Amino acid sequence: MLQQLIVTSQGEVRLPHFSSLTMAFAVCFVFLLVYHPVLSKESQEPTCLEIIVNKTYNCEGLGLQEVPDLLPNSTETLDFSFNSLYALYNSVFSRLENLEYLDLSRCSINWIYNEAFGSNARLSTVILAGNPILYIADTAFLGATSLQHLFLQETSVQDLSFIPLKSLKGLVTLHLGNNFISSIKFPPNITLDNLKLVNFALNRINSISVEDARFLKQIKNLTLILKGNNIEYIEPNAFNSSDFHHLDLTGCAWNTDLSSLLSGLIGLTTDTLRIGSFLDLDGNNFDVFPKTLNGLCNITVKELSLQYRKVSTEAKEAYSCLSKIEKLDLTWTYLDSIPRLNQSSILKELILNENKFSSLCNVSSESYPLVTHLHLVGNKEILDMGAKCLEGFPKLTYLDLSHNDFHVVKCCRVQFSGLSSLSHLNLSYGPPLPLDNPAFPENKKLQILDLSHFHLLTDESSRPFSNLADLKTLNLSHSLVNMSHTQLLDGLTNLAFLNMKGNSFYYGTLKGENLFSKVLQLETLILSNCNLQVIEKPAFQKLKKLKTIDLSHNKLTALAPDTFSGLHEISLNLASNMISTIPIGLVQNTSGGNTINLSYNPIDCSCSNIEFLTWFKQHEKIFLDKSNTRCASPRSLAGRELTEVTLTCGFSPMYIIVIVIIAIVCIILTIFIVQYFRRRIYAAI
Amino acid sequence: MKNFVIFLIISQLLFPGEMKEWPTHTICKTEEVEAYYKSCDPMQDAGLSMDPCYRSLGKRLMAKIGVILRQDINLLYMNSRIGYNGVYLFHEEKTLCEKTAPKFSFCGKKKGEFVLYNHSVKIGGPSLPKGEYFINLELINENNYIIACVNFTVYSHPTV
């Protein structure tokens, strides 16, 4: 092209000067060399990721300004977020008539014009979060007759009349968080019969009058989220005779007493009421005083949350109106003793996480006669747990005491005595404690026991769980279990799930006769990060019901073909070991259609492993994380995915024929040469 | 012509086709302490400032952190890894948001929304001894997706 230019600019046809020709070539060459990748990139349109063929596509963050032509008309789910559209016209999505889910978050949309989704009659979800919307036409959603979920968070909405709700008759959820809305008042003459959730989180609502709430109060089973609004006043009767599912007022009333909100909720019935606070709100007044909660007497609530409010120490009478509550959340409420509730309390679940209790013992047995679930996680003081300390909760079935430190010499016989109904106990992340023998003599109904990160101290003759025949799930991960303690799991006749992650085996060896031989009903066994190097043969032979075994993150180099003999259809996780060759018998016998994970192993892709590699090719579907299942040797294939490698081992017939021909030619040639030299020698004689 | 060729090569060297690293931002620089950060999230840079700039960790300081969400944060965990003079010290995990126990007002925000944490923080602990500190901070959601990733470098040089 450059050559032609020179030709025409000279006005006559002649060859350009030699040096200028070379220079032109040089420039051309350099230009191409330097800008080649950039040019090729520009000509290539970014392509959307295909998740499900012809149905689901992800075009997130590709800098697109329009819907790519390559997208099929049958697309049902489209993630078009983080692109730049500026304006939504009728034509933008008209081609995609089957569209059901459309994500347009952060697309810099300023304008939404008439019938923007007019051709998308099946559209049920539109996400417009984070768009600086200046204008929405009243007819914007005309034609989108199936629209149920509209997300308009952070779209600079100031008033509900800005949204064309008249044409959104089927709306189920409306998300308006992080806007500048100052009133929950809906425009007149709107019918939204299916409305179930309205989210006004983090707006500018300061007060709610009877008039404001007129539309929302009549909706049954509504979830109304008003969290993070500095609501200081709710007019009494604003929600009188409302029947809600969930009312979230967390982090409201920053500078006034909570009672001014509660008095406005007279006559309300709701399953859940959240009137707590957040850690990142700088309110002056998040205190709960003795009379603050009196308004609750006029509200019917099943579940109440007061999280992060400061309940004053003299607030004995603060709980006088809580007798009809079934679930009470008092997370981080600065409590130093367990509150006393009314005798007639019907409380079933109590959450007391992150408080400052020094003891659990001073609970009167009349306070919580019906409590079945108790959460006391991450207490800020060391807990005193004397004998029969928890007798105040006689019906307890679920107890979470994780992330706590205890003033206890030995665990857990006296501490949990009297809790005969207990079925779920979480003591994870506890202090190092010696266990009684047996450890839970009075808790025979235990089904789930979590002792992870507990630092178990037992002597080798003890059988701490011997009476827990009902136990189904046991988590002993990272609890420094002595793995040669063969009697440890004695008595767990129904155990189905056992997590032993992070406990080291001596000399890296799992012996044939081991602590798992006693848990015959085991279905899942997790032995990852156990420093395992060798598994002796009959290690799992007795575990006939084993379905899943996780041996990942160990130091296994090889497995015998009959390691899992007698077990069928087990899912095997061998990721992150040092296995290079896999005996074919091992995978053939174990995987009856279940999964195998061999990722992050240095797999040998030479002919010595051909049997397994061929089997892998034929059964690719059962292997997990194939993109990280790679060859480590031979050097020519190192780093390649196993799925990409095709090996041919042995000699092909063609190769043999060629070799034979060459050999014959060589022989004939040798004979001729020998003959020739002989003749010459003879001639010389 | 030669100049043109040189211009082409230099222009390519100065303005590469792809931006692979975010710039290093200065948080503060005083006689006692210097603090820098750099986003390690391939999707976005992060906004971050702290005031005042103290060597002592015991005092409360104002922190302002801004991140655009690429995924929902119904659950949010904070992982931090701390190193001192090139040696790894320890690592800490914290839960910031749970579905039934949202600690902060931004919990439950959805993809596309902006999170601005502008509040006082108290790290706790004594004054930083002299040396170079490295802190890697990651925010991870319910899908194990990295919501934000920031690497800090802090140089402490006590004057006394």
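The values are calculated or read from the model by the stated rules, or taken from the named source; none is laboratory data. All values reported here derive from a predicted model rather than from experimental measurement. Cβ atoms come from the backbone with ideal geometry, glycine included; neighbour counts cover every protein chain shown. Only protein heavy atoms, including side chains, enter the accessible area calculation; ligands, DNA and RNA are left aside. Shrake-Rupley method; radii C 1.70, N 1.55, O 1.52, S 1.80 Å.
Apply the Debye scattering formula to the stretch A:353-471, with a single equal point scatterer on each alpha-carbon and no solvent, then give log10 I(q)/I(0) at q = 0.14, 0.23 Å⁻¹.
The Debye formula, applied to the Cα set alone, gives -0.53, -1.58.
Would you tally the net charge around A:Phe454, using a Cβ to Cβ cut-off of less than 15 Å, leaving A:Phe454 out, and scoring K and R as +1, D and E as -1?
-2
Do you know the relative contact order of chain A, to the nearest whole percent, from alpha carbon pairs under 8 angstrom that are 6+ apart?
4 percent
Using a Förster distance of 56 Å, how high is the FRET efficiency between A:Gln521 and A:Ser320, based on the Cβ-Cβ distance and rounded to 0.05?
Taking R0 as 56 Å, the efficiency between A:Gln521 and A:Ser320 is 0.70.
Can you pull out the buried accessible area for chains B and A, both sides counted, probe 1.4 Å, rounded to the nearest 100 Å²?
2700 Å²
Round to the nearest 10 and give me the degree value, 0 to 90, for the angle of helix A:18-43's Cα axis relative to the longest principal axis of chain A.
Once rounded, one gets 40 degrees.
Where in the stretch A:508-600 are there GluC sites (Glu not before Pro) that are in a DSSP coil and have at most 14 other Cβ atoms within 10 angstrom of their Cβ?
In loop regions of the stretch A:508-600 (DSSP not H, G, I, E or B), the sparsely surrounded GluC sites (Glu not before Pro) are A:Glu513, A:Glu536, A:Glu569.
What is the mean number of Cβ atoms from other protein chains located within 10 Å of the Cβ atom of each residue in peptide A:101-111, rounded to a whole number?
Partner-chain Cβ atoms within 10 Å, mean over residues of A:101-111: 2.
Of all accessible surface on the protein assembly as shown at a 1.4 Å probe, what whole percent is carbon and sulfur?
Reported share for carbon and sulfur atoms: 56 percent.
Ranked highest first by average number of other Cβ atoms within 10 Å, how do A:76-85, A:605-614 line up?
The most tightly packed comes first, giving A:76-85, A:605-614.
Rg and Dmax in Å for the stretch A:205-347, alpha carbons only: what are they?
14.1, 43
How far is helix A:653-684 tilted, in degrees, relative to the longest principal axis of the Cα atoms in chain A, given as a value from 0 to 90 rounded to the nearest 10?
30 degrees
Based on the Kirkwood radius over alpha-carbon pairs, what value in µm²/s does the Stokes-Einstein equation return for the translational diffusion coefficient of the stretch A:49-181 at 10 °C and 1.306 mPa s?
Result for D is 109 µm²/s.
Could you tell me which trypsin sites (Lys or Arg not before Pro) in the stretch A:119-170 are loop residues by DSSP with no more than 16 other beta carbons within 10 angstrom of their beta carbon?
Passing sites in the stretch A:119-170 are A:Arg122, A:Lys169.
Taking only Cα atoms of chain A, what ratio of Rg to Rh do you get with Rh as the Kirkwood inverse-distance radius?
In chain A, Rg relative to Rh is 1.14.
Would you mind checking the pairs A:Lys196/A:Lys220; A:Lys327/B:Lys109; A:Lys380/B:Lys122; A:Lys227/A:Lys356; A:Lys291/A:Lys327 and listing those with alpha carbons more than 19 angstrom apart?
A:Lys327/B:Lys109; A:Lys227/A:Lys356; A:Lys291/A:Lys327
Starting from the 7 Å offset along Cα-to-Cβ, what nm value, one decimal, do you get for the label separation of B:Tyr145 and A:Asn298?
About 4.4 nm separates the two model spin labels.
Convert each backbone phi in the stretch A:188-201 into a coupling constant with the Karplus relation 6.51 cos²θ - 1.76 cosθ + 1.60 (shift: θ = phi - 60°), then list the ³J(HN,Hα) values in order as whole Hz, x for Gly and Pro.
Ordered by residue, 3J(HN,Hα) equals x, 6, 10, 10, 10, 5, 9, 4, 10, 9, 10, 10, 10, 4 Hz.
Subtract the Cα-Cα distance of A:Lys388 and A:Ser337 from 0.36 nm times their separation in residues, and report this length gain in nm to one decimal.
The A:Lys388-A:Ser337 span can extend by a further 16.6 nm.
How large is the accessible surface per residue of the stretch A:373-424, computed with a 1.4 Å probe and reported in Å² as a whole number?
That works out to 40 Å² for each residue.
How far apart, in nm, are two points set 7 Å out from the Cα along the Cα-to-Cβ line at A:Lys410 and at A:Ile664?
Distance between label points: 9.1 nm.
Can you give the mean number of other chain Cβ atoms that lie within 10 Å of the Cβ atoms in peptide B:89-100?
The mean count of partner-chain Cβ atoms within 10 Å per residue comes to 1.
From other protein chains only, count the Cβ atoms within 10 Å of every residue's Cβ in B:112-122, then give the mean.
So the per-residue partner count for this stretch is 4.
May I ask you to list the lysines whose Cα is less than 30 Å away from that of A:Lys547, ignoring any residue fewer than eight positions away on the same chain?
A:Lys444, A:Lys445, A:Lys472, A:Lys501, A:Lys511, A:Lys518, A:Lys537, A:Lys555, A:Lys617, A:Lys621, A:Lys626
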